[in-house]
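Report on one structure; see the data block that follows.
Every read-out reported here was derived from the displayed coordinates using simple, explicitly stated rules and does not represent laboratory data. On a predicted model such as this, the values are computed, not experimentally measured, just so you know. Ideal geometry is used to build each Cβ from the backbone, glycine not excepted, and the neighbour counts take in all protein chains shown.
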Amino acid sequence: MIRNIFNNVRSWSTQNKLYINTDKTKEIIFHRPAARNLCIPPPLPGIKRVKQATLLGIDATDTLSTAAYVDRLLTVCKLISVCISYPTVQYSQFKNCYINRCLFKYV
C-alpha cells in the first residue's frame, strides 16, 4: 500500500516536472510509544527509514515524543548564554568561533 502511494506521488511529480531526490528522502512511521503488535511494512527501496526527523525545524520522533526537540532548544539556550557571558568578544571573532558554528547548526 505504501509503495502504491509513493509510486502515485512519484508519477504525479514527474507529470508536473518535479524531481523527488530519493537520496534526501526519509521515511518515518509514527506509532504509539508502547505499541505491542506493531505491523510495520517493509521499507521502500532506496529510501532510508528513520526514527527521528526534523520537519520545518521541529524534531519529530516515531513516537511523537518532544524530548529531542526540547534537548535541541536547551542546547541552543546554553550556547547563547555562553555567548552572552563573554560580551568582550568582537563580532569578527565570534563569527568564526566554534560556538557560532554549533549555534547556527541548531537554528
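Observations, loosely collected:
- Summarising the amide proton neighbourhood of E27: residues at separation of 5 or more, or on other chains, whose placed amide H is nearer than 5 Å comprise K48, R49, V50.
- In order along the range 10-16, the phi-based Karplus estimate (6.51 cos²θ - 1.76 cosθ + 1.60, θ = phi - 60°) of 3J(HN,Hα) comes to 5, 5, 4, 5, 5, 5, 9 Hz; Gly and Pro are listed as x.
- Sequentially through the range 63-73, phi angles give Karplus couplings (6.51, -1.76, 1.60; θ = phi - 60°) of 9, 6, 7, 9, 4, 5, 5, 5, 4, 5, 5 Hz, Gly and Pro residues having no value and appearing as x.
- As a proxy for reagent exposure, L56, L38 were ordered by neighbouring Cβ count within 10 angstrom, fewest first; the result is L56, L38.
- The modelled label-to-label distance for the pair K48/I80, using points 7 Å beyond Cα in the direction of Cβ, is 2.9 nm.
- Note on R10 and F30: the extension gain reaches 5.0 nm, defined as 0.36 nm multiplied by sequence separation minus the Cα-Cα distance.
- Cut-off under 5 Å, modelled amide H: who pairs with A60 long-range: A53, T54, L55
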